[in-house]
Amino acid sequence: MPPFYITTPIYYVNALPHLGTFYSTVVADALARYHRARGDRTFFLTGLDEHGLKIQRIAEERGLKPQVYADGIADKFRETWQRMEISNDRFIRTTDPDHHAAVAEMWRRMRAKGDIYPAEYDGLYCVGCEESKTEDEVVIEGGEKLCPIHRKPVEKVKEKNYFFNLKKYAPYLLDLYKRPDFIRPESRRNEVASFVASGLRDISVSRLKKSVGWGIPVPDDPDHVVYVWVDALINYVTALGGPEAVARGDSDGDGALWAGAHHLIAKDILRFHAVYWPAMLESAGLPPPKGIFCHGYLTVKGQKISKSIPATRVDPNAIVAELGDTFVDPLRYFVLREYTLGGDGDFTYESLFQRYESDLGNDLGNLLNRTISMAHRYVEGKVDRFAPDPNALPFKLEAEAAWADFAPSRALEATWKLVRATNQYIEKSAPWALAKSPEYRPGLLDVLGRCLEALRWSALMIAPAMPNVANEILRQLGREEDAGTWPETWAWPGGNLTQPKPIFPRIEPERQASLIAKWMPAEAPLSPTSASASASTSGAPVAASPPAEIAIDDFAKIDLRVAKVVAAERVAKSDKLLKLTLDVGGEPRTVVSGIAAAYQPEQLVGRTVIYLANLKPAKICGVVSQGMILAAGDADVLALSALDREVPPGTRVR
Ligand code: ME8
């Protein structure tokens, strides 16, 4: 069995946990719990990214030393994760002393390889992204150069610092991407591979201490601090004992865990993990991680949940403060079951309450309650026989395959097949009828034993998602000793059944409505205050709630036309944008469109689309875009507009 080492991103201390960071952390936790239950050597790491200009400035604004500021936020994260039953083996902070040592060691190794060299840096920097930007990557508004993600001015930086020879690693990286499962899902792998294939630039990996003081000093050159992303990525190696331990892969320490390292991240930080990080590791003589799993964004009304857009803030702490700690497990279950890992998903409180009622209350809660009640009522709580269940094993195998495949939603779906099938089995075998005559007693015991065993299996199979609920079910079954294991054989081993106790109390509709009104005020502005992490075609933030009504005259101002794509190519150094040449009946038009993640250029040539002709031209990544094409989707493009029969380019669409 290979070891299983799972990491979350280390979150910036510029904000408190929200549903987005909760999601990544709960997914990692569930995977870790599953692998532990299977007996795999497991290590689960989460933590905080505390250095860099962004944090330095926030601390300054609050009149605090960065360390004092970071300590305060770190306490909040720790408390939150403890409350949410996050079972991390270490909570790493980039200000931890062993991390400083690991960063220094990695730096020395990369330098010894000849990959770090001094050079003049003259460019643009977005503090929000903590990343340099090229002229092509910024949008110009009101004469100012803005980061398309943060919509804030980028800063001009001109200083001497150290560079890393990233270009040299392009062939290595392209080769690495051929490994199945190195980057999942596959669409993300393709995106990264085409980014690397389009040409890499060397990256700046230090800043002058006098401009960014809050960081780890560059070994042997105290005038510089290590670039915050280089610092941050190394945390994954620090936690296993540092570069030496990982290079040796020593099995007596934690170094051997590296062979099973999986980084769970969202797509915002894919490039750092899939391009910079493996190149740094290779340079330092360390093997790459086993895999990078990139999940999508959770959104509210189509807008990415993000710390900088208050109306999208869904606060797991606030939910649990209101509904009690017993709601931690339902909330965990909801995010794991509702969203397919890898895709985007919209959050609503309505769907949270709905799953609580149906999956948890009606299916699982009901099964527990009725089974234990019947066992007490009909056979004094003593069940020493059980019937086989031909479907339990296939359901369990399905769940195992899904957990192994980073698919919590499918794993829980398979688990619920067992729960639901057992409820149906109760209806069909009608224990209440069997209880009427003593001659049916053996059959009655078989039915009840099968239900109890199904509950025991279900408890163990839901434990990665709902550890407390699992324990409570096992307690009611009198099977506490099974906690932390995975079901093996189908055989109800007997247990001291307690009195049934409902685990998912009903939340009355009026209560639900008033909570929703409190958490999601109807008037909450979703329009961008400052940021949307996914830039739309024009670089403007994605529109959120449905816009206000318009009159027909307003619509008449919009000039929609049929257009045919005659050429399509990637926009250099952008993984989101394609440059399209359109036949619109007259002069060909050029449009820059943010559809590169959903479509390959060659899929588009010859396609008919709907084109907004009278949009004011805008310069995007150095290309003048004349209008835009219509597509469906919010944070991500899901489908392109099309017509159901051929009409000539230029035809009006009304
Ligand atoms: O990027 N949906 O930290 P960060 C899903 N410090 N996941 C979300 C999300 C959303 N709406 N919003 C945030 C950083 N996340 C760096 C990482 S790692 C060496 C350094 C999650 O605080 C998701 O996992 O901005 C995303 O990748 C991460 O939070 C970004 O966290």
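The values are calculated or read from the model by the stated rules, or taken from the named source; none is laboratory data. It should be emphasised that the depicted structure is a prediction, and the values quoted were computed from it without experimental measurement. Methodologically, a virtual Cβ is constructed for each residue, glycine included, from the backbone with ideal geometry; neighbour enumeration extends over all protein chains shown. To get the accessible areas, we keep the full protein, side chains included, count just its heavy atoms, and leave off ligands, DNA and RNA. Shrake-Rupley method; radii C 1.70, N 1.55, O 1.52, S 1.80 Å.
Structure notes:
- For first residues located in the stretch 439-455 and more than 17 Å from Thr415 (Cβ to Cβ), partners that are acidic (Asp, Glu) and at pLDDT 95 or above and lie 6+ apart or on another chain with Cβ distances below 9 Å form the pairs Leu445/Asp384; Gly449/Asp384.
- Single residue of the stretch 409-426 satisfying the filter (touching a Ser or Thr at 6+ places or on another chain (Cβ under 7 Å) and either farther than 13 Å from Tyr34 by Cβ or not in a helix (DSSP H, G or I) (or both)) that is most open to solvent (accessible area, probe 1.4 Å): Ser409
- Residue count, the stretch 156-173 (criterion: open to solvent by less than 60 Å² (accessible area, probe 1.4 Å), out of contact with any Leu (no Cβ under 6 Å at 6 or more places or on another chain) and either modelled with pLDDT of 95 or more or closer than 28 Å to Tyr599 by Cβ (or both)): 7
- Checklist (1) surrounded by fewer than 18 Cβ atoms within 10 Å (Cβ to Cβ); (2) farther than 22 Å from Leu176 by Cα; (3) near the ligand (Cβ under 10 Å from one of its atoms); (4) not basic (Lys, Arg) applied to Tyr297, failing item: (1)
- The sole residue among Tyr34, Tyr23, Tyr5 that is away from the ligand (no atom under 15 Å from the Cβ), open to solvent by less than 20 Å² (accessible area, probe 1.4 Å) and of a type outside the set (A, V, I, L, M) is Tyr34.
- Residue list for the stretch 472-501, filter: out of contact with any helix residue (DSSP H, G or I) (no Cβ under 7 Å at 6 or more places or on another chain) and closer than 17 Å to Val419 by Cβ: Glu472
- Flag: Pro388 does not match the condition of being in contact (Cβ under 8 Å) with a residue 24 or more places away in the chain, surrounded by 16 or more Cβ atoms within 10 Å (Cβ to Cβ) and not aliphatic (A, V, I, L, M).
- Which listed residue, of Ser187, Ser204, is of a type outside the set (Phe, Trp, Tyr) and open to solvent by 30 Å² or more (accessible area, probe 1.4 Å): Ser187
- Among the numbered conditions (1) within 16 Å of the ligand (Cβ to nearest atom); (2) open to solvent by less than 40 Å² (accessible area, probe 1.4 Å), the only one that Trp214 does not meet is (2).
- Residue within the stretch 607-626 that is at pLDDT 85 or above, open to solvent by 70 Å² or more (accessible area, probe 1.4 Å) and either closer than 22 Å to Phe195 by Cα or touching a Cys at 6+ places or on another chain (Cβ under 7 Å) (or both) present: yes
- Test: Ala597 is within 12 Å of Leu578 (Cα to Cα), surrounded by fewer than 20 Cβ atoms within 10 Å (Cβ to Cβ) and at pLDDT below 85: yes
- Taken together, the residues in the stretch 85-137 that are open to solvent by less than 40 Å² (accessible area, probe 1.4 Å), of a type in the set (Asp, Glu) and more than 29 Å from Asp75 (Cβ to Cβ) amount to 2.
- The residue pairs whose first member lies in the stretch 298-313 and is on the phi > 0 side of the Ramachandran plot, whose second member is within 8 Å of the ligand (Cβ to nearest atom) and not in a loop (DSSP other than H, G, I, E, B), and whose beta carbons are closer than 9 Å, counting only pairs six or more residues apart or on different chains, are Lys301/Thr312.
- Some residue of the stretch 508-523 being aliphatic (A, V, I, L, M), assigned to a loop (DSSP other than H, G, I, E, B) and at pLDDT below 95: yes
- For Ile265, the criteria (1) away from the ligand (no atom under 16 Å from the Cβ); (2) surrounded by fewer than 23 Cβ atoms within 10 Å (Cβ to Cβ); (3) assigned to a strand (DSSP E or B) hold in every case but one, which is (1).
- Breaking point among (1) more than 8 Å from the ligand (Cβ to nearest atom); (2) touching a residue at least 60 places away in the same chain (Cβ under 8 Å); (3) of a type in the set (Asp, Glu), for Asp252: (2)
- Residues located in the stretch 37-60, provided they are of a type in the set (Gly, Ala, Ser) and either more than 18 Å from Trp229 (Cβ to Cβ) or open to solvent by 10 Å² or more (accessible area, probe 1.4 Å) (or both): Ala37, Gly39, Ala59
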